[in-house]
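Have a look at the structure below, then the notes.
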Amino acid sequence: MVHIYRSQGHDVAALSGIGINVRPGELVGLLGPSGAGKSTLLQLCGGLLTPSAGRLQIGEHNVATMTEAELDRMRAGDVGIVLQGAGRNLVPYLTPEDNIRYAQGAAPRGRTLPTPLEVLELVGLSNKAHAPLASLTPGQIQLCAVAVGIATFPGLLLADEPTSQLDHHARDEVLAAISTINATTGMTVLLITHDPEVAAVLPRTITIRDGRIASEGRSGEEFAVVATDGSLPLPPHVAELLPPGTLLRVTTEDGNVRLTPVGQEGQA
């Protein structure tokens, strides 16, 4: 999948040949430096942007070919989005319960919805259902934003930095709530984070760098990922040892692949 922005008369590739397969029910973290393409990927998955090339399949939806009306219906029922900055997801003068009820108002007719209290129970805010938002702590406001994101129990939850600007206690509460949602409902979750402590506890992470997949983490172990074009971006700690232009001899033996740097004279 490719996405290109038009900037001051020039084309800028935000994503270049991204290929990710996320299975139903997975909890996956998206990592990488600012400008790497994480938020662009999240917006594409939510139908807020359309891919410039390639295929983007969300459940039964091919996002690249959908109309605006179809994308609106997908976001109303099948994809929940938690934007960065909790307040952007909430109506400030409504209570948590009323915010959830408002979010559910756009759901497709005939869809069976959880009650607002059931949603709030999932994130640990059932005792704050009728509280003014102004009376909640920053962590509770973020939990309320997550609750709004899952108001229709969508198949996919997209969360952009849901633990940023929170103290460690509030961060852990939000992360625990998202893990509970994933485990209890089977909801697939894509979560952007810059926090290495958050990334360390996620079962799977994908690092994006310069618009491409740089590496993937599974249960705390990092792996290089062969791209669809056969290229192999190296994890940062390996790339630091190999200056640009380094020649690597590729050898195979008994199913194992070895990359060996060679000197300027072509000697190992």
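Considering only residues that are touching an Asp or Glu at 6+ places or on another chain (Cβ under 9 Å) and in contact (Cβ under 8 Å) with a residue 24 or more places away in the chain, look in the stretch 202-234 and name the one that is farthest from THR188 (Cα to Cα).
My answer is PRO233.
Name the single residue that is nearest to VAL22 (Cα to Cα) among those in the stretch 227-245 being loosely packed, with under 12 Cβ neighbours inside 10 Å and at pLDDT 80 or above.
Restricting to residues being loosely packed, with under 12 Cβ neighbours inside 10 Å and at pLDDT 80 or above, the top hit is GLU240.
Anything in the stretch 111-141 that is part of a helix (DSSP H, G or I), in contact (Cβ under 8 Å) with a residue 12 or more places away in the chain, open to solvent by 10 Å² or more (accessible area, probe 1.4 Å) and not aliphatic (A, V, I, L, M)? List them, or say none.
Selection gives PRO116, LYS128, PRO138, GLN140.
All but one of (1) touching a Pro at 6+ places or on another chain (Cβ under 6 Å); (2) open to solvent by 10 Å² or more (accessible area, probe 1.4 Å); (3) aliphatic (A, V, I, L, M) hold for ALA183, so report the exception by its number.
(1)
For the stretch 142-155, which positions are open to solvent by 20 Å² or more (accessible area, probe 1.4 Å) and touching an Asp or Glu at 6+ places or on another chain (Cβ under 7 Å)?
Passing the criteria: only GLY155.
The values are calculated or read from the model by the stated rules, or taken from the named source; none is laboratory data. Just so you know, these numbers come straight off a predicted model, no measurement behind them. Note that each Cβ is placed from the backbone with ideal geometry, even for glycine, and that neighbours are counted across all protein chains shown. For accessibility, only protein heavy atoms count, side chains too; no ligands or nucleic acids. Shrake-Rupley method; radii C 1.70, N 1.55, O 1.52, S 1.80 Å.
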